[in-house]
Every structure is written in structure tokens, then in C-alpha cells.
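Readers should treat all values here as calculations from the given coordinates under stated rules, not as data from a laboratory. Note that the structure is a prediction, hence the values are computed from the model and not measured. Reconstructed Cβ throughout: ideal geometry from the backbone, glycine too, with neighbour counts over all protein chains shown.
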Amino acid sequence: MAWQRTLARAVETEGVGIHSGANVKIRLRPAPVGTGVVFVRTDLGVAIPARAEHARDFSFATTIGVRGAEVGTIEHLMSALYALGITNVFVDISGPEVPVLDGSALPFVQMIKRAGVMEQSSSFPEVRLLKTVRVEDGDRFVELHPSETFSVDYRVRYKAPVVGDQRLTFTVSPERYATAIAPARTFGFLSDVKALRDRGLGRGGSLSNCVIVDEHRVLSGRLRFRDEFVRHKVLDLIGDLALLEYPLRAHVVAHKAGHALHVAAVRELLSQPEAWELFEPERVTPLSVHPFAMEPAAQAVAG
Ligand SMILES: [Zn+2]
């Protein structure tokens with residue numbers, strides 16, 4: 001991830017937002033160096049950079065907003081972009097929430113692959129930790145530890161025996177993310193559905209875009225992984241860490257955390273400038289730049 005990257009061409013899809021129930025069109029398109037990930041509410045004409053300072057409302061999803069315009073449930077798309085190293089992209093969106101599609105990040109990984117990835121002629125520094133940063137809420141916590149790689153150790157503990165205790169330790173690479181994390185779907189408990197709907201949430205949720213469980217059973221067909229639940233938590237965590245905007249070299253330990261704590265960890269890191277540094281790993285020629293491309297033509301003219 002030494003070079004900034006964007007998409008080679010625009011790609012689009014549409015679908016329902018899991019909480020709003022709104023049908024939304026989304027289009028990912030190439031963006032110049034230094035753009036970052038910028039959501040553009042095409043219905044309102046407002047651009048919202050995906051940064052920790054714009055994050056708000058962490059009830060069951062992560063929302064960003066500026067000047068009264070919001071985009072909700074950004075985390076699965078953000079997760080795919082971050083894990084695949086896409087640093088600059090415009091996300092045109094026609095409504096208030098990113099489509100949930102199948103509940104995982106796999107459709108976004110497939111969109112990015114369909115678009116193609118283009119390295120840009122500008123390098124990109126990474127964030128390296130100099131000391132451990134921790135945020136907590138009761139027995140829940142997120143810790144960012146100094147490390148040469150980006151790795152995650154996530155533990156969840158649910159009362160429902162069908163989920164129970166799950167733990168995943170994972171070193172993030174684009175290839176491993178695409179096969180082991182991206183396909184893991186969002187999940188919910190049948191006992192929470194009514195409360196969620198009473199709050200006006202979950203209106204677009206269904207058995208086809210969410211793994212629904214009761215105490216002892218999975219009600220929405222076969223799981224994609226035996227430990228799909230903790231894999232999805234890792235997916236969400238990566239999507240929230242993406243609000244840092246820079247690639248992260250850290251070992252991230254999360255225990256019973258969620259969107260609010262994930263984003264709090266990013267904000268805590270940014271508030272402690274002595275805890276990290278920006279560094280540029282290695283300077284190599286980006287694949288998309290061919291400095292000698294003009295020479296044969298010049299020779300042909302000369303000859
Ligand atoms: Zn999620």
C-alpha cells in the first residue's frame with residue numbers, strides 16, 4: 001500500500017438500506033490523488049468525506065454527515081475499500097444509506113475487482129504506532145498496539161448459545177480479506193427485531209441480507225463460516241478503522257466492541273499525536289507510470 005490507488009473505471013449497483021428501507025443507487029468512480037473516500041449525496045448535492053470527525057450515530061451501523069446531510073451504514077463498503085487499499089474514490093449515492101446487498105462486504109469486493117484498481121503516481125504514508133492506545137466501556141474495549149503489520153484479534157461473547165464465545169486472530173491482506181472476512185454477513189437476534197423496528201431501524205432487513213438467530217438456531221439458512229459472527233465483527237472493525245484515512249500498522253485487540261468503540265479508538269489515536277507517526281514504507285515505481293513510454297515514438301521520429 002505504498003501508493004495511492006483509485007478505481008480504473010466507474011461501477012454501480014443498487015439495493016435497499018438495511019435500516020432506512022430506502023432503495024438507493026450507488027456508483028463508485030475514480031478520484032484524483034489526495035481525495036480520500038468521499039460520499040456524494042447526489043439527491044442533495046452535498047459531499048461528505050469519510051473521516052472520523054464526520055462520524056456520528058453508532059446505533060447498529062456507522063453514519064457520517066456534514067451540514068445536515070448524512071450517509072448511513074457505510075462500514076461494509078468502507079471495509080472493502082480499506083482492506084483492498086483503495087485510497088481515492090467518489091461514492092455517488094442517491095439516498096441516505098449504503099445498500100446492504102447480501103449483508104456482507106463481498107459484493108463491494110466484487111465491484112472493486114470489476115472496476116479494476118489503478119495505482120496513482122503519488123505515495124501514501126502509513127500510520128505506525130509508537131505506543132498502545134486503549135478505549136473502553138465497562139468490560140468492552142479496543143486496544144491499538146504497535147506492530148509492523150495490520151492484524152486483528154477480536155473476541156465476542158453472546159448469551160445466545162448458537163453464537164456463544166468466538167475469537168478470530170487475523171493478519172489483514174487484500175487476498176485473505178476477500179476470502180475470509182468479506183463474505184461474513186451482518187447478524188441480528190430475533191429478540192431484538194421488534195425493538196429495532198420500534199426505533200425505526202431494520203426496516204430493510206430480511207432473511208436474505210442478515211443472519212437472524214434465536215437462542216439455539218440460525219433462522220436464515222446455512223452459515224458461510226462456522227464463526228461467521230466474529231468474522232463480521234472484524235469486517236465492521238476494519239470499516240470503522242478506515243475513518244482514520246491512512247493505512248494502519250497496528251495489532252488491534254477488540255473485546256465485545258461495536259461501532260461506537262471502534263470509532264472512539266480512531267478518535268483517541270488522532271487525539272494523541274505522541275502515540276503515532278506517519279511513515280512512507282518503501283519507494284517503488286507505481287505500476288501505472290511508465291516513465292520511458294515516450295522514448296520509442298521519439299526514436300521513430302528521429303529515425
Ligand atoms: Zn456490519
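Pair-distance distribution of the chain: all C-alpha pairs, bin width 10 Å, starting at 0; shares per bin in whole percent are 6, 27, 35, 21, 6, 3, 1, 0. In vacuum, with every alpha carbon of segment 63-110 counted as one equal point scatterer, what does the Debye formula give for log10 I(q)/I(0) at q = 0.16, 0.18, 0.23, 0.33 Å⁻¹? Two decimals, please. Here the Debye-derived log intensity ratios amount to -0.45, -0.57, -0.90, -1.33. Taking amide H as placed 1.01 Å from N in the peptide plane, V117 has its amide H under 5 Å from the amide H of A8, each at least 5 places away in sequence or on another chain.
Contact order, relative form, for segment 4-86: 21 percent (alpha carbon pairs under 8 Å, 6 or more residues apart, mean separation divided by residue count). Put in line by how crowded their Cβ is, counting other Cβ atoms within 10 Å and starting with the fewest, E175, E268 read E175, E268. Remark: segment 1-54 is approximated by an ellipsoid whose semi-axes, taken from the C-alpha gyration tensor as √(5λ), come to 23, 15, 11 Å, largest first. Residue exposure proxy: L278, L201, ordered by other Cβ atoms within 10 angstrom of their Cβ from fewest to most, comes out as L278, L201. Across the chain, the relative contact order, built from alpha-carbon pairs under 8 Å that are at least six residues apart, equals 26 percent. Ordered by the count of other Cβ atoms within 10 Å of each Cβ, fewest first, E53, E70 give E53, E70. Principal axis extents of the C-alpha atoms in segment 1-104 (largest first, rounded to whole Å): 37, 28, 25. Checking every one of the trypsin sites (Lys or Arg not before Pro) in segment 86-167 against DSSP loop status and a limit of 15 other Cβ atoms within 10 Å picks out K131, K159. In terms of overall dimensions, segment 175-252 has a Cα radius of gyration and Dmax of 14.6, 41 angstrom. Translational diffusion of segment 75-233 was estimated from the Stokes-Einstein equation, with Rh taken as the Kirkwood radius over Cα pairs; at 4 °C and 1.567 mPa s the coefficient is 73 µm²/s.
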